[in-house]
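Scroll down for the structure; my scribbles are underneath it.
Just so you know, all these numbers are worked out from the coordinates, no wet-lab data involved. Please read all numbers here as calculations on a predicted model, not as lab measurements. Cβ atoms come from the backbone with ideal geometry, glycine included; neighbour counts cover every protein chain shown.
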Amino acid sequence: MKIIHLVVDDKFIDSAIREFEGVSPGVHEYLLVGGGSPPYRYVRSPLIQAVSRGACLARLNQPDVAAIVCHSLPLSTLLMLPEMPERPHVIWLGWGYDYYGLLMDAFPEGLFMPETARLMGGLQPRGGLPRTGSMRSSVLSAARPYAKPSRTELSALQRVDFFSPVLPNEYTLLTQHQPQLRARFIRWNYGTAEDDMSLGTARCQTLGADILVGNSATPANNHLECFASLARQPDLDGRRIVVPLSYGDGDGAYTRHVVQAGQKHFGSRLVPLLDYLPKDRYIEVLTSCGHVMMNHVRQQAMGNLIISGLLGARMHLHRRNPVASWMKKLGLPISDLVQPALQPLTEADAEMQARILLAEYGRSTQRQRTRMLVDTALTPRI
C-alpha cells in the first residue's frame with residue numbers, strides 16, 4: 001500500500017521527503033499538481049512527480065492508495081477533497097495560511113494592529129474583493145486578512161480525517177470555533193533541530209546584541225507597531241535592528257513602507273534583509289542577534305524562533321500569540337513584547353531553552369512522530 005503526498009513548491013518539502021523516506025522508504029509517492037516541470041524554485045528531490053489535476057485524481061483512485069497527505073491546503077487542493085475516494089485516509093499538514101480563516105473568530109480584533117491595519121487598508125485595491133472576509137479599505141476588515149471559508153469549503157473539509165496544525169493548541173482553537181469539523185488531531189512538524197534549524201551541533205553561543213524583528217515581509221509581523229515600541233527602549237546603543245524582508249510581499253509596497261518606517265526610527269542601524277540568504281548564511285546573521293522580537297498575533301516564524309532559541313537568544317512574543325502560550329507551557333523563558341527585557345538570557349536559562357527545544361523539535365522526536373503518522377496512514381479504515 002502507498003501513501004500519496006500532495007506537495008507544493010516550497011522550501012519545507014525536501015526536508016519532509018527526507019524524514020518520510022528515512023522512516024519508510026519506498027512507501028511514498030510525491031505529486032506536485034500543476035507545478036510544471038523542473039527545475040523548481042525550491043524543491044530539489046528527484047522523487048517529486050509533476051502531474052495534472054486529472055492524473056492526480058486518477059492515481060488517488062487506484063486500489064493501492066492507503067492515505068493521502070496534503071502538505072498545506074491551497075485552494076486547488078481544498079477543492080479536490082470531495083473528489084477523493086472514500087477509502088484512503090486524508091491527512092492535512094497545516095501551515096497556518098491555510099487554516100487561519102477557520103480561526104478568525106478566535107482573534108476578534110484581527111491579526112493586524114491599528115497602524116498596520118490602516119496601512120494595509122490603504123494598499124488594498126479599491127474595487128473590492130469578491131470573497132467574504134477578504135481585505136478591503138476599512139481598518140477592521142484589513143485586520144482580518146484570512147477569509148472565512150465558504151459553505152462549499154467547509155463541506156470539503158469534512159473529507160479530512162486527521163489534521164496537524166503547527167502547534168497543538170491551535171487544534172484546540174479549531175475545535176472551539178469550528179466544532180463541526182471531524183478531523184482528529186495528529187502531531188507532525190517540518191524539519192528537525194539538528195538537520196534544518198542549526199549549524200550542526202552549535203547551540204548556546206555567545207550572541208551579539210543586535211535585535212531581530214519579524215521573519216518576513218508580511219503585515220502579520222506588525223512591524224510598524226514593533227518599531228514604535230522598540231524605539232522607546234532606552235538600551236539601544238550599539239544595537240542594529242535586523243529585519244528579514246526577503247519574501248512574502250508580492251509587489252514590494254509593504255516592504256517599502258517597513259523600510260521607510262524603520263529608517264525613520266533607527267536610521268543607519270536598520271539592517272533590512274531584502275535578498276534571500278542560504279540557510280547557513282542566515283543562521284550566521286542570527287548569531288549577531290541576542291534578541292528576537294516577533295509581533296505576530298497569529299502563529300508564525302516558528303523556524304526563526306527555534307533556531308534563535310537553540311542559539312540562546314531571548315525571545316520576545318506578543319502575549320496573544322498562540323506561540324507564546326505554547327512555549328511558556330513548555331517552560332521556555334519567554335519575554336512579553338509589551339515590556340521587553342533587553343538583558344541577555346543567563347547561561348542557565350539559555351541551556352535550559354536549548355534542551356527543551358531540542359527535545360521538542362529534535363531528530364529523534366520528529367522520527368517518532370513520522371513513524372506514528374505513517375502507521376496511522378497505513379491502518380485500514382474501520
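Worth pointing out:
- Of the peptides 254-261, 112-119, 221-228, the ranking by mean beta-carbon count within 10 Å, highest at the top, reads 221-228, 112-119, 254-261.
- If only the Cβ of Lys and Arg carry +1 and only the Cβ of Asp and Glu carry -1, the dipole of the stretch 2-99 around its Cα centre is close to 160 debye.
- Exposure proxy ranking for MET197, MET120, based on other Cβ atoms within 10 angstrom of each Cβ and starting from the fewest, stands as MET120, MET197.
- Computed E for SER52/VAL338 - FRET, C-beta separation, R0 30 angstrom, nearest 0.05: 0.05
- Taking a straight Cα-Cα cut-off under 30 Å and skipping sequence neighbours fewer than 8 places away in the same chain, the lysines within cross-link reach of LYS2 are LYS11.
- The value of relative contact order for the stretch 193-361, using C-alpha pairs under 8 Å at least six residues apart, is 27 percent.
- Estimated from helices alone, the mean residue ellipticity of the chain at 222 nm is -10500 deg cm²/dmol (sum of -39500 (n - 2.57) over DSSP H runs with n ≥ 4, per residue).
- Each residue in SER76, SER141 was given a count of other beta-carbon atoms within 10 angstrom of its own, and listing them fewest first yields SER76, SER141.
- For TYR42, TYR146, order by how many other beta-carbon atoms lie within 10 Å, fewest first: TYR42, TYR146
- The length gained by stretching the chain between MET352 and HIS177 to full extension, at 0.36 nm per residue less their Cα-Cα distance, is 59.5 nm.
- Taken about its Cα centre, the chain carries a charge dipole of about 680 debye when Lys and Arg each add +1 at the Cβ and Asp and Glu each add -1 at the Cβ.
- Axis of helix 13-23 versus longest Cα principal axis of the chain: the two differ by about 60°, to the nearest ten degrees.
- Note: relative contact order over the chain, using C-alpha pairs below 8 Å and six or more positions apart, is 16 percent.
- Helix 363-378 and the longest principal axis of the Cα set of the chain meet at an angle near 30°.
- With R₀ fixed at 45 Å, the C-beta to C-beta distance from ASP64 to TYR282 puts the FRET efficiency at about 0.65.
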